[in-house]
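What follows is a set of notes on a single structure, which appears directly below.
Nothing in this text is a laboratory measurement; each read-out follows from the coordinates by a stated rule. All of these numbers come straight from a predicted model, not from anything done at the bench. Methodologically, a virtual Cβ is constructed for each residue, glycine included, from the backbone with ideal geometry; neighbour enumeration extends over all protein chains shown.
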Amino acid sequence: TIKEENNNSCLEYCQKEKEEKNDSTNNMSTNTNTTTTTNMTTTTILQSMLNSFEIEIDKFHDMLQTDYGSIGYQSMWINPKTKQRWDYKDILRSTSPAKSSSSSDSYYKFQRKLQLKILKVVLLLQQKDQGEEYNNINDNSINKQCDCSLNTTTYYENFVWSTGGHSAAAGHGNLYNESYTSYLVRGVENAFANALRIKFAGRNYGYGGGVDSGPLLSLCNEAIYGIDADVLSWDFGMTDGPKGHYKSTLWASRNSVHRNRPAHVSINLSGKHYKPRLDAVARVEESAGSTSTLHLQPHIQDKIIANAPDYDDEESTTNTSDLLNLTNYGLYAQYIRCKGMTESKGLCAKKKFNHNVCPNRKLQVSWHPGWKVQAITGNMLASSVLDYTKEALNDIIMQQQQSTTTSSIQDMYDKLRKEENDDHTTFISSSEKEFLSNDYYPDILSELNNITNNFTSNILYRNLAYCKISLLPSQTRYLNLAISDEENTTTTIRNGYEYNMGIESSVAFNTTTTPKNNKIELVYNEEEFNEGKCIVKENIAPNEGIVEEVIDLTVDSKNYFFASSTSSSNNNNSNTTWSSIVFPNIAEQNHYTTTTFISDKKKNNIIVCAYAWCGKTCTAPGAIQLNNEYGIQWGMDLNSIPIIELVSLKLDNCFILKQQQKEEDGTIFVSSNENGQYKLDVWIKNPTNETE
């Protein structure tokens, strides 16, 4: 089961931890007989971090041995050629050949990202005079089930891994906490917490329903994945399509534009499109100032899976007799492969998904990997991240030892931060035109340069972007930035956040209710929301009743902004209804305060993206047009000036708003009002249905 009865064990654990802290010092202590000073020097702190981190790495591999069994661990997680653990740079590799110690190398930039986090912790410890507090932290790994351990850990920095991807990346078919992002966090969080005092956060923001990586998700990476993302992974191999390699370039480029410069990590690149997709990202890596671009090597994953026991039928295995005993293999290694196939034959297919909890959940389909393959992916990422971090620590210590000057931790931090800032400036100031000559890109990219009013592809690949977005999961929704608390909206707690869901669709669609407040509403579907969770009922004790626990299955949902035909009429014209929305709102302006393009009278391009156009029957996906086949007369005004055309980007259902202009046929460069905001009005004439 996913829930352990551990109240008594927690009490014992906490008491034992308290006694150990009082009786002895741990591996992070500084032994001294001549002084009572407990403050630690920078060198001691760094070396203590390294010592503790190495212990945590060993604990991680001990956990793998328990999960996979002694033989399973040796066959799957030890490189048969080197007889050592898989090399971290082989697991998570640069998308182009390594450039030695060059500052343009992705290995160096990923290490730099980690070092900035570590150095910031050391600086904070020095500033807060926290040597004693750090010195007394217990070495035992955080027991996530025991509050006593959680309460004794103070975090001085965060490291955020945000996962972007399709339904398989979201973990569909499994429980939400069985995605590879969850296994990554499981493998890494204790080492970061105990040794580095860094909170490792994993955000699984995958989407089902055939969602691809761009342009919507790429352009909106800050709104969706967070302005604080340190890694932003790509896992859209099934949905970007055979000719969609330019989307990989766009995704990696937008990572380099992102204010926090998250490393790009490509996951599940295997198959016939491996090389072109890798080349598409490598072009970004080779651009001056780009962020780190890495990829999870598929052939290493294939080898790990191939070395799992191969079951010939439902009762036996083809391995030699000394391997027949399943006790040599932990649950994580069993029934992955049957007759040479992964999760698709005999018991391997039957045991693909965890049926102990919520067994009748949806989405248990062939193209969604089961929890054991999800675990392999997550453990590979965890193993590599741990070793990259250890190397980053080693390098800091080595630089200190080799320094002939009085260079301080602050100097080292300032140098690395300046490098990263300079890279960012260099990248957004450069041109992406070299991408257009690549054979892997369709003609539509070159057409971007000729759309209208000097719109160039550089706008998509290099310009800063702010997004008002309705999708879940997304940080802008979880932080309640998209909408404020209003009447008739619903609040929920999910995925660790309490957020405003908006208005349920049946309420929004009810044309008999009192006319709306003329606002474009954020709408969700309750049936879809409920399908993403499972309620487990449990008898905790005789005569104490039944406790219900809500288990997340999926958290992704295509909520939408809704312009209703029941809104009040405008200008005393009862045949026309109006709905409005202002962006960015005050909360969004405060959150994105450092983004310079949200300012007084600033001219920007306004792009609208829609996964579907909804007519009377809601069955007409595709391009939105002001003159549509259903005969609905509707339109938009932006800051009280009419929108005369929705100019297709020819990239999915995304359109640039073209505003009326006296001297010309219109412009796609539109000015904000004096508050740095835009007011979008949607009008519907003689409405017979609604428009999404």
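Based on the mean of other beta carbon atoms within 10 Å per residue, what is the order of 83-89, 155-161, 256-262, most packed first? Provide the component values of the computation, followed by the final result.
Working: 83-89: 14.6, 155-161: 18.6, 256-262: 21.9.
In decreasing order of mean packing, 83-89, 155-161, 256-262 become 256-262, 155-161, 83-89.
Here each label is just a point 7 Å from Cα along the line to Cβ, and for Lys558 and Ser640 those points are 3.7 nm apart. Using R0 = 41 Å, the C-beta based FRET efficiency linking Ser431 and Glu674 works out to 0.80.
Work out the FRET efficiency for Lys603 and Met398 from their Cβ-Cβ distance, taking R0 = 45 Å, and round it to the nearest 0.05. Intermediate values should be presented prior to the final figure.
On the way: r = 49 Å, r/R0 = 1.10.
That pair, Lys603 with Met398, gives E of 0.35.
Once both labels are positioned 7 Å from their Cα atoms along Cα-to-Cβ, the gap between Asn518 and Tyr497 label points is 3.1 nm.
Computed extension length for Ser408-Val365: 10.0 nm, one decimal, from 0.36 nm per residue of separation with the Cα-Cα distance subtracted. Taking only the C-alpha atoms of segment 324-420, Rg followed by Dmax gives 22.9, 66 Å. All alpha carbon pair distances within segment 215-320 were sorted into 10 Å bins beginning at 0; the resulting P(r) in whole percents reads 14, 40, 24, 12, 9, 2. May I ask which of Lys83/Lys351; Lys81/Lys303; Lys83/Lys303; Lys272/Lys558 have a Cα-Cα span longer than 22 Å here? As for pairs spanning more than 22 Å Cα to Cα, those are Lys83/Lys351; Lys272/Lys558.
Given a Förster distance of 22 Å, report the FRET efficiency between Tyr155 and Thr44 from their Cβ-Cβ distance, rounded to the nearest 0.05. Kindly include the intermediate steps, with their values, before the conclusion.
Working: r = 21 Å, r/R0 = 0.94.
My answer for the efficiency is 0.60.
Dimensions of segment 341-383 from C-alpha coordinates, computed as largest minus smallest value along each principal axis and given longest first, are 32, 25, 17 Å. Spin-label model, Asp422/Glu531: points 7 Å from Cα along the beta carbon direction are separated by 5.3 nm. Charged neighbours of Gly271, selected by a Cβ distance under 14 Å, balance to 0 (K, R count +1; D, E count -1).
Would you mind working out the magnitude of the charge dipole of segment 38-93 relative to its Cα centre, with +1 at each Lys and Arg C-beta and -1 at each Asp and Glu C-beta, to the nearest 20 Debye? Write out the running numbers ahead of the final one.
Details: 6 positive and 7 negative charges, 53 e Å.
For segment 38-93, the charge dipole is close to 260 debye.
Pairs from the list Lys468/Lys658; Lys59/Lys390; Lys275/Lys415; Lys418/Lys468 with a Cα-Cα gap above 24 Å: Lys275/Lys415; Lys418/Lys468.
With the convex hull built on the Cα atoms of segment 186-234, state its orientation-averaged projected area in nm².
Details: hull surface 16.6 nm².
That works out to 4.1 nm², a quarter of the Cα hull's surface.
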